[in-house]
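Single-structure report; data block below.
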Amino acid sequence: MSLDVGLSLAGDRPARQGIWTASPLHGVVVVFMAAIMLRGVLPFNVDVSWWLIVCERILDGQRLYVDILETNPPMAGSVYMFGVFLARAVHARPEVATNGLIFLMIAGSLALTWRVLRFSSLRERAGGAAAVWATVVLTILPMYDFGQREHLALIVLLPALAVYVLRANREAVAPWAVLIAGLCAATTMNFKPYFVFAVGFCILTAAVQARDWRVLFAPENWIAAAFVVIHAVCIVAFYPEYFTLIYPLVRDVYLLLKAPLLAILLASATTFWLLAIMVALALQSRRQKVDSATLVMMAGSLGFAISFFAQGKGWGYHAYPMVALGLLAAGWAIADSSDAQAPARWLRAGAMLVVVLIFANACLWFNASVDMRRVQEEVTLLEPRPKILVLSAAAVIGHPMVREVGGTWISRQQAFWMREIVRRALKDGAIDQATADRLATYVAQERAGIIEDFRKQTPDVVVIDNQNSDWGKWAAADPELSELLKAYVSVKNVDGIEILRRADQPRS
């Protein structure tokens, strides 16, 4: 089923044929099958790979924020624990189990969303093209960023969006849907505090559209707020180190890692988002009455856009929710534009073309990754199931390479970013020398952790990043680290990335 044909199904099919007929269902199944095959071709995401290591270590007895250094709240990693549990239970790779659970999560979210809308005034539009297009956006659009927290947060939020649409239309909401919406909204916000903008804007838009301020205090909002508070209390109770150790580190060092605002505003993702919103607005302008579903999705997209700009990194996965919801809003507006007048048909055809082009280019943009296959191939030749240390701030060098070669990651953190952030901030003039001196304590702590982990589990392979930074010179100038590295010999240099092996181990 082509995208254009799929998008036209819901608008053209008479309501008497139902909202979930065989053809759309077949389309959803085809999209799922294509997305599953795509997972076998695309590389596994760097951050998801790291979180699998974190979950495995926690199950083996290590403590998050004590033995494992991570800047994200516990919710960010807890979701991946299910994949590791399942993999150990059925003796499968955690990557396979995690991807399988994410596909089930998408199917469950779509089913719940459809169920919420089934008995509403949107029942004729809740299936068909809307279901096929939502499946495409959730399963294929993420590309390399499949499984990232932003991807999961949007998947979880969809049933809550459906309830907000009903509130905007002043329609009844079933008690079970109220509970589901509250839990889903809370889960989304618990991933990252920034996501409160998306949820909040949806609720505010629903209240304005309904012209009823009581929507702001609907029961699902109280449920969401309660679970957010419970989550925060649990972090304080079970992970106090997150506030005593991690928060100061994030505040003082990690937040220095920001791209220029102009670069973010001019990023491809911003263009994709603006174009998708413009398509939705253009189609809305042809309607006599504003469509609440399109309006709520655009509001959520705007909230995620604020999250993207506030985080200030410009990374692809940070942009995914705003682009995805913008495309969902545009696709919904296309499927709903059934005006028989010729100008409206031409507008709809043009909108379809623009959406297809946005989607295709966004897929290419979200598929951006660093090719480390040559490094992985060289490491594979050195030692079976090696213990690996990577001296770099670039996480993509070590992940998912360490898992692909069946190795062991000996460091407590994903990459050594503290020294690099301070060095670059000083070089770029973002901080002065006095601030750099104050932050030297964090850099010293990172260095001490490297040496401690080195001695605790002597690595078989050391990879030194001289491509993106000066880690080789830094290690050579450090008395303790240079002494430890005397036991290693260089075997390969891949575009500035130096690979070392222990000298007392023959090359296999």
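Check every DSSP H run in the chain and write down those whose alpha carbon atoms cover 18 angstrom or more along the long axis and whose mean Kyte-Doolittle hydropathy is 0.5 or greater. Span-like helices, by this rule, are 22-39, 46-59, 75-90, 94-117, 149-168, 175-191, 196-210, 219-238, 268-284, 292-311, 316-336, 342-366. Per residue, the convex hull spanned by the Cα atoms of the stretch 373-502 amounts to 99 cubic angstrom.
Counted by Cβ distance under 11 Å from V215, the other residues give a net charge of +2, where Lys and Arg count +1 and Asp and Glu count -1. What does the C-alpha gyration tensor say about the overall shape of the stretch 230-300? Classify as rounded when a/c is under 1.5, otherwise prolate if a/b is larger than b/c, or oblate. In terms of gyration-tensor shape, oblate.
Per residue of the chain, what 222 nm ellipticity follows from adding -39500 (n - 2.57) for every DSSP H run with n ≥ 4, rounded to the nearest 500?
Details: 23 runs with 327 residues, N = 508.
Result for the chain: -21000 deg cm²/dmol, rounded to the nearest 500.
Pull up the DSSP beta bridges for the chain and report the antiparallel fraction as a percent, rounded to 5.
Among the beta bridges of the chain, antiparallel pairing accounts for roughly 60 percent.
Ordering 93-100, 294-301, 415-422 by mean Cβ neighbour count within 10 Å, with the highest value first, yields 294-301, 415-422, 93-100.
The label point for F85 and the one for A503, both projected 7 Å from the Cα toward the Cβ, are 4.9 nm apart.
Counted residue by residue at 0.36 nm each, then reduced by the alpha carbon distance between them, the extension gain from F217 to A487 reaches 90.7 nm.
Packing order of peptides 138-144, 496-502, highest average first: 138-144, 496-502 (average count of other Cβ atoms within 10 Å over each peptide's residues). Estimated from the Cβ-Cβ distance and a Förster radius of 25 angstrom, the FRET efficiency linking T380 and T458 is about 0.80. Computed over the stretch 360-449, relative contact order equals 24 percent, with contacts defined as Cα pairs under 8 Å that lie 6+ residues apart. Listed by chain and number, the lysines whose C-alpha is less than 26 Å from the C-alpha of K473, apart from same-chain residues fewer than 8 away, are K258, K387, K427, K456, K486, K492.
Readers should treat all values here as calculations from the given coordinates under stated rules, not as data from a laboratory. Note that this is a predicted model, so its numbers are computed, not measured. When we count neighbours, we look across all protein chains shown, and the Cβ atoms used for this are built from the backbone with ideal geometry, even at glycine.
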